[in-house]
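Undergrad: Questions regarding the structure given below will be posed in turn.
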Amino acid sequence: MDNKSIATLLFETADLLEIDGQDSFRVRSYRNAAEAIEALPQQVADLIDEPKKVLAIQGIGKGMLANLQMLFKDGHIEAHAELLKKYRPSMLELLKIQGLGPKTIALIWSAYQVSDLEGVEKLAREGKIRELPRMGEKHELKLLKAIEDYRRIAGRFLLDTAEELAEKLTEYLKSAPGIEKVTPAGSLRRGRETVGDLDILVTGKGCIADESRQKLIEHLLRFPGLMDVIAQGENKVSFRHRSGMQVDVRLLPPESFGAAMQYFTGSKAHNVALRQRALKMGFTLNEYSLASLEDEKPVARKTEEEIYAKLNLDFIPAELRENQGEIEAAAAHTLPVLIELGDIRGDVHMHTIETDGRNTIEEMAEAARERGYEYMAITDHSKNLAFANGLTDERALAHIERIRAVGKQLKDIRILAGIEVDILGDGSLDLSDSVLEKMDIVIASVHSQFNQDRATMTDRLLKAIANPNTSVIGHPTGRQLLRRDAYQFDFDKVLKAAAKHKVAMELNSYPERLDLNDVHLRMAKQHGVKIVINTDSHHTSHLEKIRYGITQARRAWLTKEDVLNTLPAAKFAKAMKHEW
Ligand code: DGT
Ligand code: CA
Ligand code: CA
Ligand code: ZN
């Protein structure tokens, strides 16, 4: 059991205890322990046999140690198991509804003994929620909307969550004998911003003979975290993982692995179009092979490259396979040379302990240098973001002094002194122009009043873009995947203004954001608007999230030329002053 799963279990226990009306001290002890374990660099699993080391973790006392020991011995925490018996597991789903916390759930339970999603929805529709203390019609409508939102996103997962599980499973499967390759296919391989289920393809000698295949399946069924088997065939196992994710594992013979990769990578739309092309050329295409229509003999199946080549197509990178013109472009040899991770020369959106980051300027700079970047920028928050301890004019000035002083000390990386300044409700920026002028880079972002109407929000962004100090619009649509929709504005108008003023748009690589998304990025390119791919790191460990941004940029057909932070340092610095 890894730290993340333990933390989830402890958080759930805290919520259940709170629903149960237990004293807040006990609730807090579970939450503190969960937070501590989540942030722990070592795995609890490696420490559990040395109680002293576990007790040394802040927030973990003797009682919690006993819980953890039981968890590793029997696989459950007693309080968690008892409470689930009382309230049933459906209660845990209720906790996932936005705005429905343990207190409200407890209220609903004590009034109506309802503890599941359908039940709560019914109560809301019947007007029974508004009758509860401190509740009204407004709460009820909000609740119904939240349930609707939840249903829409339920069953999809963020790219990093899916990737993490895929990596764990890959490593696990590779330890079995007779395995050559384990690779994810489906939406994860295409880099879609969220993933429905995991499709894992396995090949090697072990997949061929009945006996070794059976052993392989038995090994798979012992994968830690496997909850229940949904379907099982000769070559395929579908199971549900503890995280809620469904995983489809397919065992394939090496000679047709390419055909299977092609088929199960999808997308469905790409496959349908590709099969039509194959038919026109006298072939059939399925998960086993590309074969001649006449004599059914395979002409390509071992690698994807062979298959695309036989169809007179340039190889199509997985990120492009959405039937958005990639097949036509591959036939005409006009596919773009997509941007790659190695093209990025600097990450220019990150935070430090001066506001809501976890590391110092020096630590962030060192981490960026270790990644081999030529340059980077520190861009902490401005004062409007009070909960992040945002900077006033005075603090912002002092901060850039410090950033520049650190920059002088470091030889092989250039540090730009910048700010992520809030775009206030009326479109003005949160710091004085005389302060912003002194910055090497100004990222202007919306962090408040997301509910403004479309016209107001459009004007707000236009005004921010027209400010001569603005270099980049940060996370331009404000959406948070699986949580919050984009705010409403006229994207076309905003892009036109950005092109005119030479203000770049950010592609924020945080897996929760991926903002701009692939569709918006393509629109930006059509308008001649340049992109800056950033991580928005709040910790040195976040810098590596840049690869999620790269994947989205590739899905948008972007090349190195479309992205400003592929430029050498001097040129990039000019680009931040509207010169490109
Ligand atoms: P997801 O799981 O919703 O994030 O999206 P995918 O693309 O991973 O979809 P999934 O898991 O249903 O199927 C994996 C791939 O298998 C899909 O991208 C293409 C292929 N596939 C599935 N069903 C069909 C089908 O009916 N026809 C064709 N041609 N391909 C299919
Ligand atoms: Ca899938
Ligand atoms: Ca699937
Ligand atoms: Zn921001």
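The values are calculated or read from the model by the stated rules, or taken from the named source; none is laboratory data. Source: prediction; values computed, not measured. A quick note on method: Cβ atoms are made from the backbone with ideal geometry, for glycine too, and the neighbour counts reach across all protein chains shown. Remember, those area values only see protein heavy atoms, side chains included, never the ligands or the DNA or RNA. Shrake-Rupley method; radii C 1.70, N 1.55, O 1.52, S 1.80 Å.
Undergrad: Looking at the chain, what % of its DSSP beta bridges pair antiparallel, to the nearest 5?
TA: Approximately 45 percent, going by the DSSP bridge assignments.
Undergrad: Distance cut-off 26 Å, Cα to Cα: go down the list 493/577; 86/122; 96/138; 302/560; 174/310; 408/438 and report the pairs above it. Could you put the intermediate results ahead of the total?
TA: On the way: 493/577 22 Å; 86/122 22 Å; 96/138 20 Å; 302/560 32 Å; 174/310 31 Å; 408/438 17 Å.
Among 493/577; 86/122; 96/138; 302/560; 174/310; 408/438, the Cα-Cα distance tops 26 Å for 302/560; 174/310.
Undergrad: To the nearest µm²/s, what D does Stokes-Einstein give for region 363-446 at 25 °C and 0.890 mPa s, using the Kirkwood radius over alpha carbon pairs as Rh?
TA: Here the translational diffusion coefficient equals 185 µm²/s.
Undergrad: Something else: Calculate the tail of P(r) for the chain: the fraction of all Cα-Cα distances greater than 29 Å, expressed in %. Can you show the working numbers first?
TA: Numbers: 107687 of 167910 pairs.
Cα-Cα pairs of the chain separated by over 29 Å account for 64 percent.
Undergrad: Which value in Å is the Kirkwood Rh of region 425-580 over different Cα pairs?
TA: 15.6 Å
Undergrad: When we measure straight from the Cα of residue 53, which lysines land under 30 angstrom away, once same-chain ones fewer than 8 places off are left out?
TA: Those lysines meeting the cut-off are 4, 62, 73, 168.
Undergrad: Let me ask you something else. Find, among the trypsin sites (Lys or Arg not before Pro) in region 536-580, those assigned to loop by DSSP (not H, G, I, E, B) with at most 15 other beta-carbon atoms within 10 angstrom.
TA: 577
Undergrad: Something else about it: For region 157-252, with every protein chain kept in place, what is the accessible area per residue (1.4 Å probe, Å²)?
TA: Details: 4340 Å² over 96 residues.
Normalised by residue count, the accessible surface of region 157-252 is 45 Å².
Undergrad: Region 350-444: which GluC sites (Glu not before Pro) are DSSP loop and have at most 15 other beta-carbon atoms within 10 angstrom?
TA: Numbers: sites: 354, 362, 363, 366, 370, 374, 394, 401, 420, 437; in loops: 354, 374, 437.
Loop-located and lightly packed - 437.
Undergrad: Please get the size of the charge dipole for region 95-143, origin at its Cα centre, with Cβ charges of +1 on Lys and Arg and -1 on Asp and Glu, quoted in debye to the nearest 20.
TA: Rounded to the nearest 20 debye, it is 200 debye.
Undergrad: Further, regarding this structure: Would you give the gap between the C-alpha center of region 337-375 and the C-alpha center of region 437-451, rounded to a whole Å?
TA: 19 Å
Undergrad: Return one whole number: the accessible area per residue of region 288-411 in Å², for a 1.4 Å probe. Write down the numbers at each step before the final one.
TA: Working: 6210 Å² over 124 residues.
That works out to 50 Å² for each residue.
Undergrad: Another question about this same structure. Just for region 341-575, what percent of DSSP beta bridges are antiparallel, to the closest 5?
TA: Working: 3 of 28 bridges.
Given both bridge residues lie in region 341-575, the antiparallel proportion sits at roughly 10 percent.
Undergrad: Just from its helices, what would the mean residue ellipticity at 222 nm be for the chain, if runs of 4 or more DSSP H residues each count -39500 (n - 2.57) and the sum is divided by every residue, rounded to the nearest 500 deg cm²/dmol?
TA: -13000 deg cm²/dmol
Undergrad: Let's test this: bin the Cα-Cα distances of region 241-389 at 10 Å from zero up to the farthest pair and state each bin's percent.
TA: Binned Cα distances yield the sequence 10, 26, 18, 18, 17, 9, 2, 0.
Undergrad: For region 106-182 and region 260-322, what is the separation of their Cα centres, given in Å?
TA: 38 Å
Undergrad: From the residues 202, 249, 162, which one has its Cα farthest along the dipole of region 157-252 in the positive direction, the dipole being from +1 and -1 charges on Cβ of Lys/Arg and Asp/Glu about the Cα centre?
TA: Working it through, the farthest residue towards the positive pole turns out to be 202.
Undergrad: What residue among 109, 481, 184 has its Cα farthest toward the positive end of the dipole of the chain, where the charges are +1 on Lys, Arg and -1 on Asp, Glu, each on the Cβ?
TA: Selected residue: 481.
Undergrad: What trypsin sites (Lys or Arg not before Pro) in region 450-504 are in a loop by DSSP, with at most 12 other Cβ atoms within 10 Å of the Cβ?
TA: Here the trypsin sites (Lys or Arg not before Pro) that fit, given the DSSP loop and packing criteria, are 483.
Undergrad: Moving on. Quick one: with all protein chains in place, what share of the accessible area of the chain is carbon or sulfur, to the nearest percent (1.4 Å probe)? Before the final figure, lay out each step's value.
TA: Working: 13630 of 26920 Å².
Roughly 51 percent of what the probe reaches on the chain is carbon or sulfur.
Undergrad: Express in nm, to one decimal, how much length is gained between residue 210 and residue 389 on full extension, taking 0.36 nm for each residue of separation and deducting their alpha carbon distance.
TA: Here the segment from residue 210 to residue 389 would lengthen by 58.2 nm.
Undergrad: Would you mind working out the accessible area per residue for region 1-135, using a 1.4 Å probe, and quoting it in Å²? Present the calculation step by step, with values, prior to reporting the outcome.
TA: On the way: 7350 Å² over 135 residues.
About 54 Å² of surface per residue is accessible.
Undergrad: Each label point is 7 Å from the Cα along the Cα-to-Cβ direction; what then is the distance between the points at residue 70 and residue 4, in nm?
TA: Spacing of the two 7 Å Cα→Cβ label points: 2.7 nm.
Undergrad: Then there's this: About its Cα centre, how strong a charge dipole does the chain have in debye, to the nearest 20, once Lys and Arg get +1 and Asp and Glu get -1 at the Cβ?
TA: 500 debye
Undergrad: Here is a further query. Taking region 468-535 as the region of interest, what is the percent of Cα-Cα pairs per 5 angstrom bin, listed from the shortest bin to the one with the maximum distance?
TA: Result returned by the calculation: 4, 19, 30, 26, 16, 5, 1.
Undergrad: Can you give me the Cα centroid spacing of region 1-79 and region 485-551 in angstrom?
TA: 38 Å
Undergrad: Just how large is the dipole of region 341-575 about the Cα centre, in debye to the nearest 20, putting +1 at every Lys and Arg Cβ and -1 at every Asp and Glu Cβ?
TA: 740 debye
Undergrad: Something else: Amide H neighbours of residue 527 under 5 Å, counting only residues 5+ apart in sequence or on other chains, H built in-plane at 1.01 Å?
TA: none
Undergrad: Follow-up. Determine, for each peptide in 284-293, 245-254, 123-132, 377-386, the mean count of other beta carbons within 10 angstrom over its residues, then list the peptides with the highest first.
TA: Highest mean packing first, the order is 377-386, 245-254, 284-293, 123-132.
Undergrad: Still on this structure: What net charge is computed for the residues neighbouring residue 303, neighbours being all others with C-beta under 12 Å from the C-beta of residue 303, Lys and Arg scored +1, Asp and Glu -1?
TA: 0
Undergrad: Between 278, 540, 223, whose Cα lies farthest towards the positive end of the dipole of the chain when Lys and Arg beta carbons carry +1 and Asp and Glu beta carbons carry -1, centred on the Cα centre?
TA: Result: 278, furthest along the dipole toward the positive end.
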